[in-house]
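What follows is a set of notes on a single structure, which appears directly below.
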Amino acid sequence: MEQCNIVFIGGGNMAGSIIGGLLQGDCPAKNIYICDPDQTKLDAFQQRYGVNISTYNDQFVGLADVLVLAVKPQMMHQVVEGLASKMSHETLLVSVAAGIREKNIGRWLGKEHAIVRCMPNTPSLVQTGASALYANNQVSDAQRDLAESLMRTVGIVVWLEHEAQMDAVTAVSGSGPAYFFLVMEAMQKSAEQLGLSPDMSRLLIIQTALGAAKMAMESEEGVGELRHRVTSPGGTTEQGIRALQAGALEETFDEALQAACRRSKELAKILGDT
Ligand SMILES: NC(=O)c1ccc[n+]([C@@H]2O[C@H](COP(=O)([O-])OP(=O)(O)OC[C@H]3O[C@@H](n4cnc5c(N)ncnc54)[C@H](OP(=O)(O)O)[C@@H]3O)[C@@H](O)[C@H]2O)c1
């Protein structure tokens, strides 16, 4: 990775978090290039990370071993068509755009090409992301390794065998941070009603969420077993859990994930037709 040229198209949140991760991590990639229409944003990137910048998307494309498409999904068609003629066949294209199918990127390029689709999530911004990757059949083993080490700089990585699984991933980890934020919001409201100050409630709830996630990550037991262990018969947790289950928590989460997955499929259809 140290030797390779990574070119980012779109200098927003996601590009910023990956670049930050690359430069902080164990394998700093020295040759980073970034293209975005906003010169002020580019200047900030250059000042902070010493990367090469341009307001022209095609400026560095010929140099790219990896070209990361980090623009909004609605911009993808235009951006991909604009890059097609200058992109080497050897370049690996990594798209982080939600809902844009690999076959549509290929169609907009006008040729078969090595493409990795990636669904990251917002905790990537603090290098604690969860990314799912899918490679088309043009991607070599070396390119798979490259894509994986790129996304590992902002968190964990899983590989999908079928692109269709991206819709489920979008519903689970793509949208997932918002579900946990909602749970934290609801807990915070109740904590305040129970008489704790907003600051104290916030701190206790965030640390509890972090601690529970860390325990679940580090434990060899499943989350069900961890829950049973802290739920003593006749105790306080048991009462809380009973109330949550009486409110159909599990069924509600099932409906939420199904709805998000359906929407991901609908959006992919709309965006792919552009
Ligand atoms: N943020 C996340 O956690 C997250 C999670 C999963 C997937 N993604 C995907 O990551 C992609 C980027 O998301 P983001 O949150 O980083 O969005 P963002 O912050 O809006 O970044 C996109 C950047 O692209 C720039 N841009 C607009 N048109 C361009 C063009 N023609 N050529 C080059 N750059 C252009 C935008 O500039 P302006 O602001 O001036 O328009 C902006 O700086 C999206 O496709 C999204 O689906 C993001």
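Just so it is clear, none of the values below were taken in a lab; they were calculated from the coordinates. Here the structure is a predicted model, which is why all the values come from computation and not from measurement. So basically every Cβ, Gly included, is an ideal-geometry build from the backbone, and we count neighbours across all protein chains shown.
Taking Cα centre as origin and charging only the Cβ of basic (Lys, Arg, +1) and acidic (Asp, Glu, -1) residues, the dipole magnitude of the range 1-120 rounds to 320 debye. If the segment from LEU182 to MET217 were pulled out straight at 0.36 nm per residue, it would be longer than the present Cα-Cα gap by 10.5 nm.
Around the Cα centre of the chain, unit charges on the Cβ atoms of Lys, Arg, Asp and Glu (plus for the first two, minus for the last two) sum to a dipole of about 460 debye.
Which of the DSSP-defined H helices in the chain satisfy a minimum axial length of 27 Å, computed from C-alpha atoms, and a minimum mean Kyte-Doolittle hydropathy of 0.0?
Passing helices, by number: 198-218.
Okay, helix-only estimate at 222 nm for the chain: each DSSP H run of n ≥ 4 adds -39500 (n - 2.57), divide by all residues, round to 500 deg cm²/dmol; what do you get?
Taking each H run of at least 4 residues, the total per residue is -16000 deg cm²/dmol.
Using a Gaussian network model of the chain in which every pair of alpha carbons under 10 angstrom is joined by a spring, one finds that among ASP58, ASP141, ASP43 the greatest mean-square fluctuation is at ASP141. Relative to the Cα centre, the charge distribution of the range 39-186, modelled as +1 at Lys and Arg Cβ and -1 at Asp and Glu Cβ, gives a dipole magnitude of about 280 debye. Over all other residues within a Cβ to Cβ distance under 14 Å of ILE205, the charged ones net out to -1, with Lys and Arg as +1 and Asp and Glu as -1. Taking +1 at the Cβ of each Lys and Arg and -1 at the Cβ of each Asp and Glu, which of ILE19, TYR179, ILE9 sits farthest along the dipole of the chain towards its positive end, judged by Cα position relative to the Cα centre? Checked the options; the winner is ILE9.
Tell me the net charge near GLU90. Cut-off is 14 Å between Cβ atoms, GLU90 excluded, with +1 for each Lys or Arg and -1 for each Asp or Glu.
Its environment carries a net charge of 0.
For the chain, the pair-distance distribution built from all alpha carbon pairs, in bins 5 Å wide starting at 0, is 1, 5, 11, 15, 16, 14, 11, 9, 7, 5, 3, 2, 0, 0 percent.
Taking 0.36 nm per residue of sequence separation and removing the Cα-Cα distance, the THR236/SER197 pair yields an extension gain of 11.9 nm. Of the residues GLY110, ALA168, ALA212, the one whose Cα sits farthest toward the positive end of the charge dipole of the chain, with +1 on the Cβ of Lys and Arg and -1 on the Cβ of Asp and Glu, is GLY110. Across the range 176-267 the C-alpha pair distances fall into 5 Å bins from zero in the proportions 2, 11, 14, 22, 24, 16, 7, 3, 1, 0 percent. Where in the range 193-229 does the amide nitrogen come within less than 19 Å of the point 7 Å from the Cα of GLN245, taken along Cα to Cβ? Within reach of a label on GLN245: 222-229. In the distance distribution for the range 118-272, Cα-Cα pairs more than 18 Å apart total 71 percent.
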